[in-house]
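Beneath this line is the structure, given in structure tokens, with notes to follow.
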Amino acid sequence: MQVFVLDKRKKPLMPCHPARARELLDNGKAGVHKIAPFTIRLKERVGGVVQTVRIKIDPGSKTSGIAVAREETTVSPKTGETETTAHVLFLAELTHRRGSIRDSLTPRRAFRRRRRSKLRHRAPRFDNRTRPEGWLPPSLHHRVDTTVSLVERLRKSVPVVAISQELVRFDLQKIETPEIAGVEYQQGTLAGYEVREYLLEKWGRTCAYCGKTDVPLEIDPIHPRSKGGSDRVSNLTLACRPCNERKGNRDVEAFLKKKPDLLKNHARAKTPLRDAAAVNATRWPLFERLKRTGLPVETGSGGRTKHNRTRLGLPKTHSLDAACVGKVARVEGGNPPVLGIKATGRGSYQRTRLDAFGFPRGFLTRKKSHFGFQTGDLVHAVVTTGKKIGTYVGRVAVRASGSFNIRTGSGVVQGVSHKACRCLQRGDGYGYSLSTKNRKASAFLPGINAGVGNRA
Ligand SMILES: [Zn+2]
């Protein structure tokens, strides 16, 4: 992975090789500007020659691949057409928060609802809530926001002149099904008999558990509601009365243990459509937002990406998929370490802990910053006395007492005094980790593996 370079006035220059960056740092010609992604700033130079750099994005539902590549255009001697070679400068995989947004909004909603109904009578409210055009659920909106914000942040470090984005191409037939068009995310539109009709079509008017036809069928959540299953279309199936009763609130895996064929069918029917739906709902909004950056946005289809990746013999990873988006003849630059970027959020606005009934249980301190540190900062701690002697680099979790926890690459170190800590980088709502095949790079970026618990 190349090192980002800024000039004296923080204008991005072409990224350089880590060895060159080390040399510049050792000679005192540059200073460290940022740890993740590693960026240096030259002390004397103002301006410089820049080449064509493109950000390439493969948006995914859990993880989006990001590649920054220098583009070289040549004329093919064989065909006489222009060919583009992408020299990979930087690879990253952005992990979205996904379920955690829903997990924190759902209890809040439940608490509020409960408080409203329990404390006193309120007349039913007129249904005056309308959603603006292009409304997305918070978890999907977040996906667009974080991707655009990463692009904006990269533009401050690399002289980007263009963007490529993969806009998925589905089967026409699939596009016409309501599930993929994102309707399942808009509660109520696909309600009632429409869901039923849709499911009858999807499951071929048969019981999904025994295959019987011409019997009355009931809608049954595959993953039971009582165990946290959603009531989205992708979690619903059709079952005959006896099967539905026998299944009860068991999981589909437990119920179909002896019928592996049917179970396999279930897995196939559910998973791909669900992810595909989520991706499709956010790709167009993302495209619109990227166009607003003012940079030319090239779009490619999933088919083209896959074609490029197979032709070039590259392994299937999110970031290399991103490098293969759009019109590209060759991808060069080996297989650099991939920077894992995990959206962690910046903590909670909620300063009151709630009990199971939604009433206040305890209060958090009004201050988020203690002794100049805030939860999420990347710190370097040198402990010289006590049981925890050592040097730690990682994401800090602060306490008002000044006794901090540090999450390092190898686990959490508890009770480190604020006096031992030095801030390397302020928390920015993201955790960083480096998946290294290249040991040199990890030695050059100490502590970058910190701050992320489990990277998917
Ligand atoms: Zn049945």
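Only the coordinates and a few stated rules stand behind these numbers; no lab work does. Bear in mind that the values here come from a model prediction, so they are computed numbers and not experimental data. Glycine gets a Cβ as well: all are built from the backbone with ideal geometry, and neighbour counts include every protein chain shown.
One table, with the values for the structure above:
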| quantity | calculated |
| --- | --- |
| Theoretical gain in end-to-end length, PHE363 to THR82 [0.36 nm per residue, Cα-Cα removed] | 94.8 nm |
| Chain lengthening between LEU314 and ARG241 when straightened (0.36 nm per residue, less Cα-Cα) | 21.4 nm |
| Highest average packing first - 393-404, 412-423, Cβ atoms within 10 Å | 393-404, 412-423 |
| Whichever lysines have a C-alpha closer than 27 Å to that of LYS388, once near sequence neighbours (fewer than 8 apart) are set aside | LYS368, LYS419 |
| Alpha carbon centroid spacing (whole Å) that separates the range 322-384 from the range 109-149 | 24 |
| Listed residue pairs exceeding 31 Å between alpha carbons, taken from LYS156/LYS342; LYS10/LYS78; LYS227/LYS264 | LYS10/LYS78 |
| Listed peptides 213-225, 354-366 by packing density, highest first (mean Cβ within 10 Å) | 213-225, 354-366 |
| Using a Förster distance of 35 Å, the FRET efficiency for ASN27-ARG153 (Cβ separation, nearest 0.05) | 0.80 |
| Sum of side-chain charges, PRO12 neighbourhood, beta-carbon under 10 Å (Lys, Arg +1; Asp, Glu -1) | +3 |
| Simple spin-label estimate for GLU332 and ILE389 in nanometres, 7 Å along Cα-Cβ | 5.2 |
| Under 18 Å from the SER104 label point (7 Å along Cα→beta-carbon), backbone N, the range 385-402 | 395-399 |
| Projected-area mean, the range 352-444, by convex hull of Cα positions, square nanometres | 8.2 |
| Distance in nm between pseudo-label sites at ASP251 and SER226 (7 Å out along the Cβ direction from Cα) | 1.6 |
| Calculated FRET value between LYS10 and GLU298, using beta carbons and R₀ = 25 Å, to 0.05 | 0.35 |
